[in-house]
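Every number here is computed from the coordinates shown, using simple stated rules; none is lab data. This one's a predicted model, so the numbers in the text were calculated from it and none came from an experiment. Neighbour counts run over all protein chains shown; Cβ positions are idealised from the backbone, glycine included.
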Amino acid sequence: MRSLLILRLAALPILILLGLPLAAAANPDDVKESFLTYKTAILTSNGEAAAGVVTQDSRDYFRKLADQALTMDWDGLHQIHISDRLYAMLLRHSLERDRLAAMSGSEVVSYAVEKGWIGKEGADQLQLGNYQVEGDVASGTILRPDGGETSFKMEFVKEEGRWLLDLVALMKLTRAAFDYSIQQTGISEDDFVMLMLEEVSGRKPSPDIWSPPL
């Protein structure tokens, strides 16, 4: 009798597992849809839509850029990568202190997209292929214009049942492009930043731009 009870107890976990509903199969089309939503938002400068399809870490990242814009002096700005430095200084150059301080991470992302700061140039040619899904993370390979695969990927994370773009990973991917651009210009990083601030905003920044806003 006791041995029969043990056998029944041993089989219980298997029976429970067999009775559980199967997890839904990962669908790369859902990841592709998220990418296309983001791409359309970038092309149409729809900041709210773009902020709605990026991860929480992405929104936190842009809120951190805003904090850097509000607090960092010349020394602090030169301790972060030039791509982050440029975004922080664009925020400092473009927004009043009180408004920037009050913005959420989502609002900072939205503002940057509306201003065309995030990948608008060339976004119409951006294509992904070879989508890979593993649990709650996924990726899509960036394709060349001829359809061939590059070695670069855009990453996605599933949060609260939705596939969202990891904008932090994408920003880090572009750092090499920033470094290459500076090399090609043959000017210093500081001169490059000042030049970009004027070109993007249409206003020449003052030397005070290197100091936190009062």
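Remark: for residue pairs LYS64/LYS153; LYS64/LYS204; LYS32/LYS115; LYS39/LYS115; LYS172/LYS204, the C-alpha separation exceeds 21 Å in LYS64/LYS153; LYS64/LYS204; LYS32/LYS115; LYS172/LYS204. In terms of surrounding Cβ atoms within a 10 Å radius of their Cβ, ARG97, ARG59, ARG144 rank from fewest to most as ARG144, ARG97, ARG59. Packing around the peptides 111-120, 146-155, taken as the average count of other Cβ atoms within 10 Å per residue, puts them in this order, highest first: 111-120, 146-155. Remark: MET194, MET103 ranked as MET103, MET194, counting other beta-carbon atoms within 10 Å and listing the fewest first. Note on the chain: with charges restricted to the Cβ of Lys and Arg (+1) and Asp and Glu (-1), its dipole about the Cα centre is near 720 debye. Remark: the Cα gyration tensor places the chain in the prolate category, a/c being 1.5 or greater and a/b exceeding b/c. Can you tell me the 0 to 90 degree angle between the C-alpha axis of helix 105-114 and the longest principal axis of the chain, rounded to 10? Here the helix axis deviates by roughly 60 degrees. For segment 112-214, the equivalent ellipsoid built from the Cα gyration tensor has semi-axes of 32, 18, 12 Å, listed from largest to smallest. Taking the number of Cβ atoms within 10 Å of each Cβ as an exposure proxy, the fewest-first ranking of LEU86, LEU126, LEU214 is LEU214, LEU126, LEU86. Note that segment 188-204 has calculated 3J(HN,Hα) couplings of 6, 4, 5, 5, 4, 4, 5, 5, 5, 4, 5, 5, 6, 8, x, 10, 6 Hz, one per residue in order, obtained from phi through the Karplus relation 6.51 cos²θ - 1.76 cosθ + 1.60 (θ = phi - 60°); glycine and proline are x.
Relative to the longest principal Cα axis of the chain, at what angle does helix 28-43 sit, 0 to 90 degrees, rounded to 10? Roughly 20 degrees between the two axes. In order along segment 132-142, the Karplus-derived 3J(HN,Hα) couplings, from 6.51 cos²θ - 1.76 cosθ + 1.60 at θ = phi - 60°, round to 10, 10, 9, x, 9, 10, 8, 8, x, 7, 6 Hz, and Gly and Pro are given as x. Sequentially through segment 120-125, phi angles give Karplus couplings (6.51, -1.76, 1.60; θ = phi - 60°) of 5, 5, x, 5, 5, 9 Hz, Gly and Pro residues having no value and appearing as x.
Using Cα pairs closer than 8 Å and at least 6 residues apart in sequence, work out the relative contact order for the chain, in percent. Show your work: numbers first, answer last.
Working: 248 pairs, mean separation 54.1, N = 214.
Averaging sequence separation for qualifying contacts and normalising by length gives 25 percent for the chain.
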